[in-house]
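J.: If you scroll down you'll find the structure; I have some questions about it.
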Amino acid sequence: MKRKKRWQDLKNNLIFLLMVLPGVIWLILFFYIPVLGNVVAFKDYRHTGNGFVDSLMKSKWIGFDNFKFLFNSSDAYIITRNTLLYNLGFIILGLILAVGIAIVFSELRSRQLVKVYQTTMLFPYFLSWVIISFFVYAFLSPDKGLVNQLLQSIGLNPINWYSDKTYWPFILIFLGIWKGLGYNSIIYYASIMGINPSYYEAAIVDGASKWQRIKHVTIPQLVPLITILTILAVGNIFRADFGLFYQTTKNSGALYDVTLVLDTYVYNGISGAGDIGMASAAGLYQSIVGCLLVVSTNMIVRRFDKDSALF
């Protein structure tokens, strides 16, 4: 009887299963099968000229030596510190600003004006970091940049922006938040628009001010969405936006102390030194820590609010 019921359920949902089949195939081909390539992190990979599989089979197994070299190098502390601190800045400041702007949008009476603001703020999200890097260079170019021209016009000395690392932590955090702020605020705005109006009506009847309605109705209703998105963001805390840290800084070696993150380190390890094994070790380390962070954060959330947890 159970087998017959399962077959009937399969027939009833066949069209939906066929709809997701291309996505499942894509996921298997580009996410699950490549996981097997992580074995490179445990080998002294040497290219034989007969393809990846042959090179992998003939490369010497060295165990955790790539990881030892990675963590014993002077770069290990720098890339870990930069990756963590930048992502914490993006998560915390990005969350506060996105929720704040979404609440402001929800309080505006003119929906046409809201659409104009949202479209304007969403535009940077669709620009690639390559294009944005040219805009940044137009402002920060050492000789013809707009900022240096303004500094000289008021009698100050120009700054060699791509050699001076003092200002880049603030520039990178600003750019990272600015690019995704419009997209993130729309997500929270959509959630606010889905809140039952009767909650606000009851609050108004009770004499609640606008701030009290935001504090006691809007924000509590947003908490489940905020929690889920934060868990996902924490899972990616060891992943940095490659374009932001590589393109906008022109990969300047003088800025490595404040711009070198795991993603750019992996790229430089492959393109510069050609050390695929150590680059793979850094990538695997990144993925494992990210997975552990997602699971740990989700466990913490489940202890306080099971409905807000991912699983």
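J.: Kindly provide the set of residues from region 100-145 that are small (Gly, Ala, Ser), farther than 25 Å from Tyr200 by Cβ and in a helix (DSSP H, G or I), ordered by number.
T.: Answer for region 100-145, where residues must be small (Gly, Ala, Ser), farther than 25 Å from Tyr200 by Cβ and in a helix (DSSP H, G or I): Ser133, Ala138.
J.: Still on this structure, please answer the following. Report yes if Val35 is out of contact with any His (no Cβ under 8 Å at 6 or more places or on another chain), of a type outside the set (Ser, Thr, Tyr), surrounded by fewer than 11 Cβ atoms within 10 Å (Cβ to Cβ) and in a helix (DSSP H, G or I), otherwise no.
T.: yes
J.: Working carefully through the options Gly269, Gly290, Gly277, Gly243, find the one that is touching a strand residue (DSSP E or B) at 6+ places or on another chain (Cβ under 7 Å) and open to solvent by less than 60 Å² (accessible area, probe 1.4 Å). Show your work before the answer.
T.: On the way: Gly269 fails: touching a strand residue (DSSP E or B) at 6+ places or on another chain (Cβ under 7 Å); Gly290 fails: touching a strand residue (DSSP E or B) at 6+ places or on another chain (Cβ under 7 Å); Gly243 fails: touching a strand residue (DSSP E or B) at 6+ places or on another chain (Cβ under 7 Å).
On inspection, the qualifying residue turns out to be Gly277.
J.: Right, another one. Return the total of residues in region 48-66 being open to solvent by 30 Å² or more (accessible area, probe 1.4 Å) and touching a residue at least 24 places away in the same chain (Cβ under 8 Å).
T.: So the count comes out to 1.
J.: Moving on. Which pairs have Cβ atoms under 6 Å, sit 6 or more apart or on different chains, and link a residue in region 28-46 that is within 22 Å of Phe64 (Cα to Cα) to one that is exposed (fewer than 15 other Cβ atoms within 10 Å of the Cβ) and of a type in the set (D, E, K, R)?
T.: Here the result reads Asp44/Lys60, each pair linking region 28-46 to a residue that is exposed (fewer than 15 other Cβ atoms within 10 Å of the Cβ) and of a type in the set (D, E, K, R).
J.: Look through Asp206, Asp164 and report the one residue that is of a type in the set (Asp, Glu) and within 30 Å of Ile91 (Cα to Cα).
T.: Working: Asp206 fails: within 30 Å of Ile91 (Cα to Cα).
When all the criteria are applied, what remains is Asp164.
J.: Right, next: What's the number of the only condition in (1) of a type in the set (Gly, Ala, Ser); (2) modelled with pLDDT of 90 or more; (3) over 25 Å from the mean Cα position of the chain (by Cα) that Ser133 fails to meet?
T.: Answer for Ser133: the failing condition is (3).
J.: Sticking with this structure for a sec: Scan (1) closer than 26 Å to Thr120 by Cα; (2) β-branched (Val, Ile, Thr); (3) at pLDDT 90 or above; (4) open to solvent by 30 Å² or more (accessible area, probe 1.4 Å) for the single condition Ile154 breaks and write down its number.
T.: (1)
J.: Here is a further query. Please work out if Tyr188 is buried (at least 18 other Cβ atoms within 10 Å of the Cβ) and modelled with pLDDT of 90 or more.
T.: yes
J.: Would you confirm whether any residue within region 164-174 is more than 30 Å from Ala282 (Cβ to Cβ) and either free of Cβ contacts under 8 Å to residues at least 12 places away in the same chain or open to solvent by less than 30 Å² (accessible area, probe 1.4 Å) (or both)?
T.: No, region 164-174 contains no residue that is more than 30 Å from Ala282 (Cβ to Cβ) and either free of Cβ contacts under 8 Å to residues at least 12 places away in the same chain or open to solvent by less than 30 Å² (accessible area, probe 1.4 Å) (or both).
J.: What pairs can you find where one residue is in region 194-218 and touching a residue at least 12 places away in the same chain (Cβ under 8 Å) and farther than 14 Å from Val104 by Cα, the other is of a type in the set (Phe, Trp, Tyr) and in a helix (DSSP H, G or I), and their Cβ atoms are less than 8 Å apart, with a gap of 6+ or different chains?
T.: The qualifying pairs are Val217/Tyr199; Val217/Tyr200.
J.: Among the residues of region 247-262, count how many are open to solvent by 20 Å² or more (accessible area, probe 1.4 Å), assigned to a helix (DSSP H, G or I) and touching a residue at least 60 places away in the same chain (Cβ under 8 Å).
T.: Residues that pass the stated criteria total 4.
J.: For Ser106, only one of the following conditions fails: (1) over 25 Å from the mean Cα position of the chain (by Cα); (2) within 30 Å of Trp168 (Cβ to Cβ); (3) at pLDDT 80 or above; (4) among the hydroxyl-bearing types (Ser, Thr, Tyr). What is its number?
T.: (2)
The values are calculated or read from the model by the stated rules, or taken from the named source; none is laboratory data. In this text the structure is predicted, and so the values were computed from the model without any measurement. Note that we place each Cβ from the backbone using ideal geometry, even for glycine, and neighbour counts take in every protein chain shown. Side chains are part of the model used for accessible areas, which takes the heavy atoms of the whole protein and leaves out ligands, DNA and RNA. Shrake-Rupley method; radii C 1.70, N 1.55, O 1.52, S 1.80 Å.
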